[in-house]
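Remarks on the structure that follows.
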Amino acid sequence: VRELVAPGRAQRLATPWAALRGIAPVAALAGPGEAVPYGEAWGDGLLWGLAPLPQHRAYWFAAWPDGQRSEPLDPAAAAARARIPLRSQRAHPAIVRALDAGSGILAARLWEAPPLRRYVRGRYAVIGDAAHAALPNLGRGANDAILDAVALAAALNRTAEAHPRGRERALAAWQARRLASTQAARAGARAVMGVATGRRLRWLREAASARP
């Protein structure tokens, strides 16, 4: 459908980053007298984080520039490559332990949608990831997909079907409302990943995270 809306813009775009995700028992993450460092950490060539889950578990994730270009990624091999920036950045032991204790580890390359100047052509429209798939750094993927759908339904419901150009006007109004903000979020997510993991942008990362 994206090809119908934006010819030549249907293919996803590869990014340099890969990601690991998993779930681990909290007891396996903290050493004696240590607290589990929930949150997100940025470093040269590495982003990682931990979030609490029910039943004394934790969700963990890591992202880094990975030279492996083929898919699918083997989780064990990807975890071995991730350990290289983990060691060089002297990451908190909890994330290293997560790699060892996690179950059902998922490994994947990160992709994004190409920039689009339109979401509508004729009676076709794209929403959600089909329109603006982004890196996960802003946490807006599912949220923006839901907002797209709600706004689209509202625009169509406000249009009188009897009007010969009602649907066309509704789609145009919806596109005007959603395109700029979602494309900005797509670009912003990539920029955040660049700051979070970029060696050349270390000064910006440190300035952004400095406490007053």
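Test A134 against the stated conditions and say whether it is under 22 Å from the mean Cα position of the chain (by Cα) and assigned to a loop (DSSP other than H, G, I, E, B). So A134 passes the test.
Among residues that are part of a loop (DSSP other than H, G, I, E, B), farther than 26 Å from E3 by Cα and in the same structural domain as L47 (by the TED database), A91 is included.
Just give me the residues in the range 128-167 being open to solvent by 70 Å² or more (accessible area, probe 1.4 Å), within 30 Å of L20 (Cβ to Cβ) and of a type in the set (S, T, N, Q), in sequence order. Result: N143, single match. List, please: which pairs have Cβ atoms under 7 Å, are six or more places apart or on different chains, and start with a residue in the range 168-188 that is assigned by the TED database to the domain that holds Y119 and assigned to a helix (DSSP H, G or I) and end with one that is hydrophobic (A, V, I, L, M, F, W, C) and open to solvent by 20 Å² or more (accessible area, probe 1.4 Å)? Filtered contacts from the range 168-188: A170/L156; L171/A125; W174/L152; A185/A134; A185/L138; R186/A134; G188/L138. The single residue among P7, P37, P16 that is at pLDDT 90 or above, under 21 Å from G139 (Cβ atoms) and not hydrophobic (A, V, I, L, M, F, W, C) turns out to be P16. In the condition set (1) within 20 Å of the chain's Cα centre (by Cα); (2) over 29 Å from S70 (Cα atoms), R121 is compliant with all but (1). If you filter the range 9-39 down to residues that are in a strand (DSSP E or B) and over 14 Å from the mean Cα position of the chain (by Cα), you find that the one that is farthest from G194 (Cα to Cα) is P25.
For the range 104-127, the condition of being assigned to a helix (DSSP H, G or I), without any contact (Cβ under 8 Å) to a residue 60 or more places away in the chain and surrounded by fewer than 16 Cβ atoms within 10 Å (Cβ to Cβ) holds for none of the residues. Filtering the range 46-82 to residues that are open to solvent by 30 Å² or more (accessible area, probe 1.4 Å) and outside any loop (DSSP other than H, G, I, E, B) leaves A51, P52, L53, R57, Y59, F61, P65, P75, A76, A77, A80, R81.
The values are calculated or read from the model by the stated rules, or taken from the named source; none is laboratory data. None of the values given here were measured: they were computed from a predicted structure. A quick note on method: Cβ atoms are made from the backbone with ideal geometry, for glycine too, and the neighbour counts reach across all protein chains shown. When the accessible area is computed, the model is the full protein with side chains, heavy atoms only, and any ligands, DNA or RNA have been set aside. Shrake-Rupley method; radii C 1.70, N 1.55, O 1.52, S 1.80 Å.
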